[in-house]
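Following: one structure in C-alpha cells, then a few remarks.
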Amino acid sequence: MTFKEKVKHTLVNELNLEDVQPQDILNDAPLFGEGLGLDSLDAVELVVIVQKHFGVEIANMEEGKTAFQSINSLCTFIQERNPQ
Amino acid sequence: MKPCNGSGSGPWVRWWWLRFWQLWSLALLIARPGLFVNKCPFFKVLMTRINSQTWSSQSIASRWQHQFFYLAIRLGGRRLAYAFTYPVVCYYMLFRPGLRKRTRHYLRRRFPDHKGLAAFRDSFRLSLSFAKILVDRAIVGIAGPESMDVRFDSMEKIQDLLDHGSGLILMNAHVGCWQAAMSSIHMLDTPVNLLMKREHGDVDRHYHEHRGMPCPYKIIDPDGFLGGAVEIVQALQRGEIISVMGDRVFGNDKNKLKIPFMGETAEFPVGAYKIAAITGAPVAVLFSRKTGINSYALELAGIIRVNPEQDRGLENLRPYVLEFAGLLEGYVQLHPYQFYNFHDMWENQRTEAGKH
C-alpha cells in the first residue's frame with residue numbers, strides 16, 4: 001500500500017465517510033467543499049487524525065491551508081515533517 | 001441664566017451648563033434628527049460623513065446612537081444612561097414594529113396566553129432589559145470590569161475541569177451579559193478563545209474597546225478558513241478555553257439538530273459537542289444573569305461530557321443538545337426577560353410544516 005492509499009484509508013475510516021471508497025478519492029481533488037465534501041467540523045477531526053496517526057502537528061491556520069488542499073498536498077505536508 | 005457671582009462656583013456652573021447643553025443637544029438629535037440634519041450645515045456634513053462610511057451597521061442602533069449612550073455614561077453614569085433607555089425603547093416599540101416583532105419569536109412561546117397589551121408589555125420589558133445590558137457592557141468597558149459586581153461560585157469547578165488538560169468548551173447562550181461572564185472568567189489564568197462571528201459593520205463596541213485595551217480574549221472567526229478548525233484544536237490541546245454560543249445556528253451550517261424547546265421544535269448547533277467528542281474536552285454550560293443595578297451572577301448550569309468513543313454522526317449528539325436545551329429552558333422559565341436571542345430559532349420548522 002502506498003502512502004497516499006494509507007492516508008485515504010485512514011480518512012475514510014476515521015471520518016466515517018459513508019458511500020466513499022478510498023480508491024474513489026482523487027489525489028488532486030479538493031478535500032473541502034466540492035471534491036470530497038468535508039466541512040469545518042471534519043477539519044477539526046482531520047487535525048486530530050493527522051496528529052494521532054501520522055505524528056504531525058498542524059500548528060496554525062497557514063499550515064492548515066497548505067496541508068488541506070488535497071490528498072497530494074496532505075501527503076506532501078506529512079512526509080516533509082515526518083519522513084518515516 | 002443667572003450670572004455667577006461667586007469666584008469659586010463660576011467654573012462649576014459653566015461646566016454643568018455646558019454638559020447640560022451637550023446632553024440636551026444630543027437628546028434632541030435623537031428625538032428629532034431632521035432638525036439638525038436638514039437645517040444645520042454642521043450636521044449635514046457630519047451625517048454625510050457617517051453615511052459615507054463603507055460599512056453598514058448590523059447593530060440595531062446606528063453608530064452615533066451608540067456614541068450618545070457612551071457620552072451619557074461618561075457624563076452622568078449608569079443612572080443617566082438607564083434613564084435614556086426608556087424613551088429609546090419606547091421609540092423602537094412604537095415606531096419600529098419590525099424590531100418589536102423580533103422579540104415575539106421567543107415571547108410568544110414563553111407567554112402563549114399574553115395577547116394585545118400584555119404582549120406589548122412583554123416586548124417592552126425584554127427590550128428595556130436588553131438595552132440596560134448594553135449599557136452595562138459599555139460601563140464595564142468605560143469604568144473597568146471592577147465597576148460590575150460579578151458573583152461566580154463555581155470558579156473551583158471550572159479550574160478542576162481545566163486541570164485535566166483537555167481544554168474546556170464554555171457554552172454560553174444569548175442570556176444575561178456574556179461580557180460580564182468573560183470579565184469574570186479572566187480571573188483564571190487560562191487564555192480564552194471566543195468563537196464569534198462579528199457582523200461586518202457592527203458598531204457597538206466590546207467592553208475592552210472602550211479604553212483601547214488589548215483584546216482580553218482571542219477571537220476565532222467561524223467564517224475563517226475551515227471555521228477556525230486548526231485554531232480550535234490547538235487551543236484545546238494547549239488546555240485553553242473555547243467559548244461558544246449554544247443557542248444560535250449561523251448561516252447554512254449543516255451541523256444542527258431540531259430539538260424540542262419551549263413546546264416546539266427549534267434548531268440548535270451541534271458543532272461544539274462534536275469538537276468535544278473529538279478532543280475530549282468537557283462542555284461547561286455557563287449562564288449569566290443580571291441580579292441588581294450593578295451586579296451579575298454567573299451560574300454553572302451543568303457540565304456535559306461527550307463520549308469520545310461513540311460514532312460522531314449528528315444523531316448520536318442529540319442527547320447532549322437535548323441536555324443543553326433543557327438547561328436553557330430552565331433558565332428562561334426562571335428569568336423570562338433575560339433571554340436575548342432575537343433570531344427565530346423555530347423558523348425552519350414552520351417553513352417545512354407549511355410545505356407539507
Q.
Considering only the range A:67-82, I want to know if a residue exists there that is surrounded by fewer than 17 Cβ atoms within 10 Å (Cβ to Cβ), of a type in the set (A, V, I, L, M) and more than 24 Å from B:P269 (Cα to Cα).
A. no
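For (1) under 22 Å from B:D223 (Cβ atoms); (2) within 13 Å of chain B (Cβ to nearest Cβ); (3) in a loop (DSSP other than H, G, I, E, B), each residue gets a yes or a no:
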site	(1), (2), (3)
A:V12	no, no, no
A:L17	no, yes, yes
A:V20	no, no, yes
A:L26	no, no, yes
A:P30	yes, yes, yes
A:V47	yes, yes, no
A:V50	no, yes, no
A:K65	yes, yes, no
A:I78	no, no, no
(Q) I'd like to verify a number: residues in the range B:224-254 that are at pLDDT 90 or above, among the small types (G, A, S) and under 19 Å from the mean Cα position of the chain (by Cα), how many? (A) 2
(Q) Tell me whether the range A:14-24 contains one or more residues that are on the phi > 0 side of the Ramachandran plot and charged (D, E, K, R). (A) yes
Q: Test B:P112 against the stated conditions and say whether it is in the same structural domain as B:W21 (by TED's automatic domain parsing), modelled with pLDDT under 90 and surrounded by fewer than 18 Cβ atoms within 10 Å (Cβ to Cβ).
A: no
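Conditions (1) modelled with pLDDT under 95; (2) assigned to a helix (DSSP H, G or I); (3) over 24 Å from B:A235 (Cα atoms); (4) within 14 Å of another protein chain (Cβ to nearest Cβ), marked per residue:
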site: B:L257; (1), (2), (3), (4): yes, no, yes, yes
site: B:E267; (1), (2), (3), (4): yes, no, yes, no
site: B:A272; (1), (2), (3), (4): yes, yes, no, yes
site: B:I275; (1), (2), (3), (4): yes, yes, no, yes
Q) So is B:H174 crowded, with 18+ Cβ neighbours inside 10 Å and either touching a Ser or Thr at 6+ places or on another chain (Cβ under 8 Å) or not small (G, A, S) (or both) or not? A) yes
Q) Do we find a residue being closer than 15 Å to A:S40 by Cβ and assigned by TED's automatic domain parsing to the domain that holds B:Q159 anywhere in the range B:257-264? A) no
Q) Looking at the range B:319-333, is at least one residue modelled with pLDDT under 95, of a type in the set (V, I, T), in contact with a helix residue (DSSP H, G or I) (Cβ under 8 Å, 6 or more places away or on another chain) and surrounded by fewer than 22 Cβ atoms within 10 Å (Cβ to Cβ)? A) no
Q. When you scan the range B:154-200, how many residues do you find that are free of Cβ contacts under 8 Å to residues at least 12 places away in the same chain and farther than 25 Å from B:P222 by Cα?
A. 3
Q: Identify the single condition in (1) over 30 Å from B:M262 (Cα atoms); (2) assigned by TED's automatic domain parsing to the domain that holds B:M345; (3) not β-branched (V, I, T) that B:S154 does not satisfy, given that it satisfies every other one.
A: (1)
**Q.** Selection within the range B:304-314 - buried (at least 18 other Cβ atoms within 10 Å of the Cβ) and either within 10 Å of chain A (Cβ to nearest Cβ) or within 24 Å of the chain's Cα centre (by Cα) (or both)
**A.** B:I304, B:R312
Q: Determine, yes or no, whether A:L41 is within 9 Å of another protein chain (Cβ to nearest Cβ) and part of a helix (DSSP H, G or I).
A: yes
Q. If you go through the range A:17-41 one residue at a time, how many are more than 17 Å from A:S73 (Cα to Cα), buried (at least 18 other Cβ atoms within 10 Å of the Cβ) and either touching a residue at least 12 places away in the same chain (Cβ under 8 Å) or of a type in the set (D, E) (or both)?
A. 1
Q. Which residues, counting only those in the range B:235-255, are assigned to a helix (DSSP H, G or I) and surrounded by 21 or more Cβ atoms within 10 Å (Cβ to Cβ)?
A. B:A235, B:L236
Q. Among (1) under 22 Å from the mean Cα position of the chain (by Cα); (2) not assigned by TED's automatic domain parsing to the domain that holds B:R102, which single condition is B:D122 missing?
A. (2)
Q.
Looking only at residues that are modelled with pLDDT of 75 or more and more than 8 Å from every other protein chain (Cβ to nearest Cβ) in the range B:198-223, which one is farthest from A:V50 (Cα to Cα)?
A. B:Y217
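The values are calculated or read from the model by the stated rules, or taken from the named source; none is laboratory data. This structure is a prediction, so every number in the text was calculated from the model and none was measured. Ideal geometry is used to build each Cβ from the backbone, glycine not excepted, and the neighbour counts take in all protein chains shown.
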